[in-house]
Amino acid sequence: MEDKSVLVLGGGVGGVVTAVELRKKLPRRHKIVLIDREAQHVFAPSLLWLMVGLRKATRISRPLDLLRKKGIEVVHGEIERIEPESRKVTAGGQSFSGDYLVVSLGADLAPDAVPGLSEAGHNFYTLKGAEALHEALESFQGSRVVVLTAAPAYKCPAAPYEAAMLIDSYLRRRNGSRPLSVDLYAAEPGPMRTAGMEASKGVEQLIKAKGIAYHPEHQVVSVDAKARRIRFANGTEAEYDLLAYVPPHRAPRVIKESGLVDDSGWVPVDRQTMQTRFSGVYAVGDVTTIPLKMGKPLPKAGFFAHAQAEVVVKNIAHSVTGKGAPAAFDGAGECFIEIGGGKAGIGRGNFFAEPSPTVKVYPARWKWHAAKVLFEKFWLWKWF
Ligand SMILES: Cc1cc2nc3c(=O)[nH]c(=O)nc-3n(C[C@H](O)[C@H](O)[C@H](O)COP(=O)(O)OP(=O)(O)OC[C@H]3O[C@@H](n4cnc5c(N)ncnc54)[C@H](O)[C@@H]3O)c2cc1C
């Protein structure tokens, strides 16, 4: 058997699971190289806790270099070029080539696509932005908080809804009976619509029960940071004292230039094997697009990136060693929905169900919050 090499592009959820699991399945003479521009892997679900002071950056981050002790080559550098036909990659000025390529470069965040947005508010989808939001919440003296989704599709469709509920709980506990309004302006027509109407209604009930005013189908067009005013495409405006937002997403530039994307701007894959149209090239996680019968693509979420990576690992290992059995991604998914006060709901179901995903949202309980805390600890322990 020839020695093989696998290039794993990205050290986020999909990349780390691929590299670590593949290392367990492939004999050491086969090389696994993971490339990322960041030195640290951040457990993104915990950014919501960090934002309300329940976590520090060090507790939810791990150096990617720790993967070296597992037998994975870790390269730090910007991936500048991907040639899928020859499976060649240029990163940090160096050239790499692989028998297999697993692309897990996630979604780039583009706050600058909305005039005024980045100066006006806090992008809690990044570690820096979530830290800045925490500082702003700690010293908040105003009364009007707006949580905004700047485009209708974004990773972790529950996150802005959770953010609104966590901010509401945090400020009510901290500021007592001082007047407070939390408004959620969403570009989409309803929460988590890709999970089906039942799940969407379930999340809407959670936020309404908290007294959060919900304004769906409000597509932001610009924000005036000085006047603290948001303008929407439907002609309405909203004022705020503190703005927390989810920015528009787009595929990383290097992906767009690689010829891997289709008209959606994301990477189409076989929905069972995650293979792209290029032989030996797979893509997992947020960078991919998987159309669903209901007319929208599979939502972007770590749960899916993880499950898809496990499928790719089994299939690459089977093709290299002939051992194990090939696997298929089945569209099953779940996510916790934090509501504050130490409670969370959970949404769970089959996103490949037709004609529409069948996802059920279970009521908020302390046990789901405890399960998310355990999952965070387990994640950081298992992979690093
Ligand atoms: C606040 C928040 C809460 C969330 N909560 C949940 C949750 O509860 N449940 C859930 O399932 N999902 C959740 N998610 C979503 C989840 O984090 C993502 O869906 C998941 O990380 C996707 O994994 P990925 O491997 O596709 O991409 P990522 O994890 O984003 O990894 C992409 C990696 O590629 C690297 N990269 C990109 N471009 C380049 C380049 N040109 N050169 C070098 N490196 C590059 C990046 O540095 C990054 O490390 C949440 C996300 C956020 C922001």
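The values are calculated or read from the model by the stated rules, or taken from the named source; none is laboratory data. Quick caveat: nothing in here was measured; it's all calculated off a predicted structure. A quick note on method: Cβ atoms are made from the backbone with ideal geometry, for glycine too, and the neighbour counts reach across all protein chains shown.
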Across the stretch 32-65, what is the number of residues that are part of a loop (DSSP other than H, G, I, E, B), away from the ligand (no atom under 12 Å from the Cβ) and small (Gly, Ala, Ser)?
-> 1
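So in the stretch 119-140, with the set limited to residues that are part of a loop (DSSP other than H, G, I, E, B) and more than 9 Å from the ligand (Cβ to nearest atom), which one is nearest to residue 44 (Cα to Cα)?
Only one residue fits best here, namely 121.
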Flag for residue 14 being surrounded by fewer than 14 Cβ atoms within 10 Å (Cβ to Cβ) and either within 19 Å of the chain's Cα centre (by Cα) or within 16 Å of the ligand (Cβ to nearest atom) (or both) = no
Condition met for residue 152 (more than 30 Å from residue 81 (Cβ to Cβ), under 17 Å from the mean Cα position of the chain (by Cα) and more than 14 Å from the ligand (Cβ to nearest atom)) | yes
Verdict on residue 27 being modelled with pLDDT of 95 or more, closer than 27 Å to residue 162 by Cα, away from the ligand (no atom under 14 Å from the Cβ) and part of a loop (DSSP other than H, G, I, E, B) = no
Going through the stretch 57-116 one residue at a time, which ones are in contact with a strand residue (DSSP E or B) (Cβ under 8 Å, 6 or more places away or on another chain), in contact (Cβ under 8 Å) with a residue 60 or more places away in the chain and at positive phi?
-> 87, 116
Every pair of residues 6+ apart whose Cβ atoms lie under 7 Å, when the first sits in the stretch 265-284 and is within 13 Å of residue 103 (Cα to Cα) and within 15 Å of the ligand (Cβ to nearest atom) while the second is in a loop (DSSP other than H, G, I, E, B) and among the aromatic types (Phe, Trp, Tyr) = 274/329
In the stretch 66-101, what count of residues is obtained for those that are farther than 24 Å from residue 253 by Cα, loosely packed, with under 13 Cβ neighbours inside 10 Å and within 14 Å of the ligand (Cβ to nearest atom)?
-> 0
Search result, residues across the stretch 102-118 that are part of a helix (DSSP H, G or I) and either farther than 30 Å from residue 223 by Cα or within 15 Å of the ligand (Cβ to nearest atom) (or both) | 111
Among the residues of the stretch 322-357, count how many are over 21 Å from residue 206 (Cα atoms) and in contact with a helix residue (DSSP H, G or I) (Cβ under 9 Å, 6 or more places away or on another chain).
-> 12
